[in-house]
Each structure stands twice: as C-alpha cells, then as structure tokens.
Amino acid sequence: MTQATTESDVRDWCAIAARAASSKNGTDTIILGVGRLLVITDAFVITSGANARQVRTIAEEVEERVKVAGGPAPLSIEGLDDARWVLMDFGDFVVHIFGEDAREFYDLEHLWGDAEHWAWTDAAGTDAAGTGAADGARQATPAWAGID
C-alpha cells in the first residue's frame, strides 16, 4: 500500500472493480489478497470474458467505475491489443481480465493458491465471498467481512 492508502481503500476499490466486471458479465470473478505474499501489490482482481470484445469492455468499465469512486487511475494497462489477457496496474491492486483459454492456461488462482480470498458482493447483492478457489472449495471468509 502507498502511504496515503489504507487496506480498507484497497478492498473497496477491488470490490468496485469486481462489481464492474460482473456488470459486464465477467465470469468467475475473485479478489485475492496477495500483499503478504508479494511486495509489489496488495491484491489481484481476476475475471474472465468470453471474447476479446468483452474483455476490452470489462477493462473500460473497471477503469471508469474505479475513477468515479475516487480511486486511482491505472498506472499502466497492458494487453488491450489482442485482449487475451488485459492487466490493469493500479499500484495497490492489479486487475487481470482474461479470455477463457488464457485464464485456464495461466491459472493464477492455483499459482497464488495461498492468497486470502477477499469477500465482495455483486450489484444485485449476491455474496461472492470466498468463492473461486482453484479446487472449487469455499475459502474461509475473514472475520472483518461479517459473513459466516
């Protein structure tokens, strides 16, 4: 985290990014808290789109919604040309938007399997807490989330 950013801010911005992806039909959207495992960022938001057009649309929506919420602008965005894997680096968090084949190939959920799964809810209020584990098992929800 940067000096002026709190963990709560990062969690909020990640949830906003996840909801933005969900609003554009991003699938299997998860948030991984990687700060204890990786020093360069605190969290990953990972989602998938069915095709290149949808991947780009999700990226545009994530950028817009985080901005409207007062969050940071991306420091860089990579992969928009072929849209197989778009990486949006916001500094304190990184959004990964995969085409379905690329997500399966790179399997970040498995690679970062020791990361904490952060809770979030979609725009309809559906709980997405702790879902998306590589093995499909529900992960423990942190006590601060207030979800059993």
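Bear in mind these aren't lab numbers, they're just calculated from the coordinates by the rules spelled out. This one's a predicted model, so the numbers in the text were calculated from it and none came from an experiment. Quick reminder, even Gly has a Cβ in these numbers, built from the backbone with ideal geometry, and neighbours come from all protein chains shown.
Percentage of Cα-Cα pair distances in region 39-88 greater than 16 Å, rounded to whole percent?
Counting every Cα pair in region 39-88, those more than 16 Å apart make up 41 percent.
From a point 7 Å beyond the Cα of D12 in the direction of its Cβ, which residues of region 63-83 have a backbone N at a distance under 13 Å?
Output list for this probe position: 66-72.
Per-residue counts of other Cβ atoms within 10 Å, averaged by peptide: what ranking do you get for 5-16, 70-81, highest first?
5-16, 70-81
Residue by residue through region 26-43, what is 3J(HN,Hα) from phi via Karplus (6.51 cos²θ - 1.76 cosθ + 1.60, θ = phi - 60°)? Round to whole Hz and write x for glycine and proline.
Once rounded to whole Hz, the list reads x, 10, 6, 7, 9, 10, 10, x, 10, x, 7, 9, 9, 7, 8, 7, 9, 7.
If I model a spin label as a point 7 Å beyond the Cα along the Cα-Cβ vector, how far apart are those points for D114 and T41 in nm?
So the two model labels end up 1.9 nm from each other.
List the residues whose amide H sits under 5 Å from the amide H of W85, counting only those 5 or more places along or on another chain, with H placed 1.01 Å from N in the peptide plane.
Correct list: G99.
Evaluate the Debye formula for region 1-115 with equal point scatterers sitting on the alpha carbons, no solvent, and hand back log10 of I(q)/I(0) at q = 0.10, 0.16, 0.19, 0.24 Å⁻¹, in q order, two decimals.
Scattering profile of region 1-115, log10 relative to I(0): -0.25, -0.65, -0.92, -1.45.
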